1. Would you tally the residues in segment B:341-380 being within 14 Å of chain A (Cβ to nearest Cβ), in a loop (DSSP other than H, G, I, E, B) and either of a type in the set (Phe, Trp, Tyr) or open to solvent by less than 80 Å² (accessible area, probe 1.4 Å) (or both)?
2. Of all residues in segment B:89-122, how many are touching a residue at least 24 places away in the same chain (Cβ under 8 Å) and either basic (Lys, Arg) or on the phi > 0 side of the Ramachandran plot (or both)?
3. Quick one: how many residues across segment B:62-80 are in contact with a Ser or Thr (Cβ under 6 Å, 6 or more places away or on another chain) and not in a helix (DSSP H, G or I)?
4. Residues in segment A:5-16: is at least one touching a residue at least 24 places away in the same chain (Cβ under 8 Å), in a strand (DSSP E or B), open to solvent by 20 Å² or more (accessible area, probe 1.4 Å) and within 14 Å of chain B (Cβ to nearest Cβ)?
5. Identify, please: which residue in segment A:55-76 is within 11 Å of chain B (Cβ to nearest Cβ) and in a loop (DSSP other than H, G, I, E, B) and is, among those, surrounded by the fewest Cβ atoms within 10 Å (Cβ to Cβ)?
6. So how many residues does segment B:124-137 have that are in contact (Cβ under 8 Å) with a residue 40 or more places away in the chain, of a type outside the set (Val, Ile, Thr) and open to solvent by 20 Å² or more (accessible area, probe 1.4 Å)?
7. Please enumerate the residues belonging to segment A:142-155 that are open to solvent by 50 Å² or more (accessible area, probe 1.4 Å) and either more than 14 Å from chain B (Cβ to nearest Cβ) or in a loop (DSSP other than H, G, I, E, B) (or both).
8. Show the residue pairs that are 6+ apart or on different chains and have beta-carbon atoms under 6 Å apart, the first residue being within segment A:32-46 and within 11 Å of A:LEU8 (Cα to Cα), the second being outside any strand (DSSP E or B).
Amino acid sequence: MSAEKRALVMIENVTRTFHRGAEDIHVLADLDLEIQEGEFLALMGPSGSGKSTLLNLIGGLDRPTGGRVIIGEHRIDRLNDRALAAWRARHVGFIFQFYNLLPVLTAEKNVELPLLLSPLSQAARRKHVQLALEVVGLSHRTRHYPRTLSGGEQQRVGIARAIVTDPTLLHCDEPTGDLDRKSGDEILSLLQALNQDYGKTIIMVTHDPHASARASRTVHLDKGRLSAEAPD
Amino acid sequence: MLANLKRKKLRTTLTILSIFVAFVLFGFLCAIQHAFLGGVEVAGADRLIVRHKVSIIQPLPISYESRVASIPGVDAVSSTSWFGGIYQKPENAFPSFAVDPEKFLNMFPEVIVSPAAKEQWLKKRTGAIVGRGLMEKFPTWKIGGHIPLTSPIWGQPANQANWDFEIVGVYDTDKKSTDKSQFFFRYDYFDEARAQAKGKIGWMTIRVDHADEATAIARKIDREFANSPEETKAEPEGAFAASFVKQIGDIGAIVTGVVSAVFFTILLVAGNTVSQSVNERTEELGVLKAMGFTNTTVLVLVLAESCAISAIGGLAGLGVAWAITAGGNPIPDVLPNLEIPNRDLLLGSALAIGLGLLSGALPALHAMRLQIAVALRRQG
């Protein structure tokens, strides 16, 4: 990784506590982490280690109980709901384990969804959608509904939806967790290509060492603390 | 949003159908209410009705006409007597009245007859003018034709088997709600030929110079005849028509009660549908929010969906009710003005949207408050 690259994500002294009845559950404790621009980071750890919570904080889906979350020039833990939603729309692409496509929409309509929040015209939106579907190799299945696509194809549509707004950050929550090995490999190759060829910064939560091996760096979480970092 | 309606087609269709049926019912009830209260709506603000204090079936002396006409503020007086005419068989009963033609046409400008018909009516003692609707009901009736009627109240004229009337004209009206199924004939012929209650009339319609003095003049009229054998009750024409309808029942309250019960049930049905739909889509709503859709946008999306369901069912139901009533009155003898007034169509449209907003309110608030991380955790 280039030494000139700046830190895109800065997690400083972050804690996250959930309340369940009278009990406080400390999921993250005084956590510090930096992710460079253009990095492909894998977040690993056992269930309940706090990796999804950390991913949600970085993606602006949740707020820390304490500490600072700085992404680029934005201190997102201080943004109000509306500003945070606008920030996510502009800067983050989300890829989910179960694809989370809307079953009543075709592939192209699913990909178009995030663009509905932009001021783009319908023609411009269509161009962006075609380009994103070409990048993921699905330009021939634009009119297909999710139920007619394989799991791997659905995840490609999910990735096209995540990159269609050209976000700063790709937020991947177990992107291969619901796929067979072959489809999973294809998705990981696609993510790698997005990282290496298009310079996308990717943060991926995974249980799978095979998947984390594709990342440029792996961070391990255990009981809400960084336990070890694998070398680049 | 519209694509979501296709998600569970059967459930959406059944919900839309139930809303459709409710609005068809609403449309019909409005038409029935309008038919009953049509007289109240066409009532002139400057007209009073004067009847016997005890009951409208008790007659008044015809001399009251001139006494009332002399009261200051009274512009015109016209008396009416109920005849209860039957044509050939009891099923062919229709509203028929004895009136003074000149005074009657002066009092009710909404009843329109041609000058030639008016001239004939004034000329012929047995002449009658017939509403357009009644003429259509009896296609054999023609202008110049003689119509034999019987009356269970007044029997027959001396040495005749029937009351004989000659149709001298057809009346139309420039007010949609005015009854076009009535039959008017001359009081002088009626009074001369009847065997009983000669010199009596049924009730009087009074027009006052200034509508805002109507109540005061009504009190004056009642005072004029106080302590006489035939005391009067004078009231605005609208109030008279309303009290007449109330003899059947409080139509407005009945309609409101039925419509409220139906809409409350439909509100629960539609609310349950939208609630289920939102619950099933919790993860999808979480994804939309993750992408940057604001809480307000999600709220609006859910409300738009519930409004669409309600609007489709509601407007279709209103449309069908309107088409049926506009296509021809199936019971013209019972309710001559069976039609849905424009204001009730507007009210129905507003109710459809209101139903959508109300049924979607709780699910939409739930969707708005949904936390993304919680929504996304529900799967897998």
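The values are calculated or read from the model by the stated rules, or taken from the named source; none is laboratory data. Computed from a predicted model, the values in this text were never measured in an experiment. All Cβ positions, even for glycine, are placed from backbone atoms using ideal geometry, and neighbour counts span all protein chains on display. For accessibility, only protein heavy atoms count, side chains too; no ligands or nucleic acids. Shrake-Rupley method; radii C 1.70, N 1.55, O 1.52, S 1.80 Å.
1. So the count comes out to 2.
2. 2
3. Initially, segment B:62-80 is screened for residues in contact with a Ser or Thr (Cβ under 6 Å, 6 or more places away or on another chain), giving B:65, B:78.
Next, only the ones that are not in a helix (DSSP H, G or I) stay: B:78.
Qualifying residue count for the region: 1.
4. Yes, segment A:5-16 contains at least one residue that is touching a residue at least 24 places away in the same chain (Cβ under 8 Å), in a strand (DSSP E or B), open to solvent by 20 Å² or more (accessible area, probe 1.4 Å) and within 14 Å of chain B (Cβ to nearest Cβ).
5. From segment A:55-76, those within 11 Å of chain B (Cβ to nearest Cβ) are A:55-57, A:59-63; that's our starting set.
If we keep only those that are in a loop (DSSP other than H, G, I, E, B) as well, we get A:59-63.
Values: A:GLY59: 25, A:GLY60: 26, A:LEU61: 25, A:ASP62: 22, A:ARG63: 16.
Filtering first and then ranking leaves A:ARG63.
6. First pass over segment B:124-137, keeping only residues in contact (Cβ under 8 Å) with a residue 40 or more places away in the chain: B:124-134, B:137.
Still in the running and of a type outside the set (Val, Ile, Thr): B:124-125, B:127-128, B:131-134, B:137.
Subsequent filtering for residues that are open to solvent by 20 Å² or more (accessible area, probe 1.4 Å) retains B:124-125, B:132-133, B:137.
Residues that pass the stated criteria total 5.
7. Going through segment A:142-155, the residues open to solvent by 50 Å² or more (accessible area, probe 1.4 Å) turn out to be A:143-145, A:147-148, A:150.
Listed by number, the residues that qualify are A:ARG143, A:HIS144, A:TYR145, A:THR148, A:SER150.
8. Final answer for the pair search is A:GLN36/A:LYS5; A:GLU37/A:LYS5; A:GLU37/A:ARG6; A:GLY38/A:LYS5; A:GLY38/A:GLY199; A:GLU39/A:SER216.
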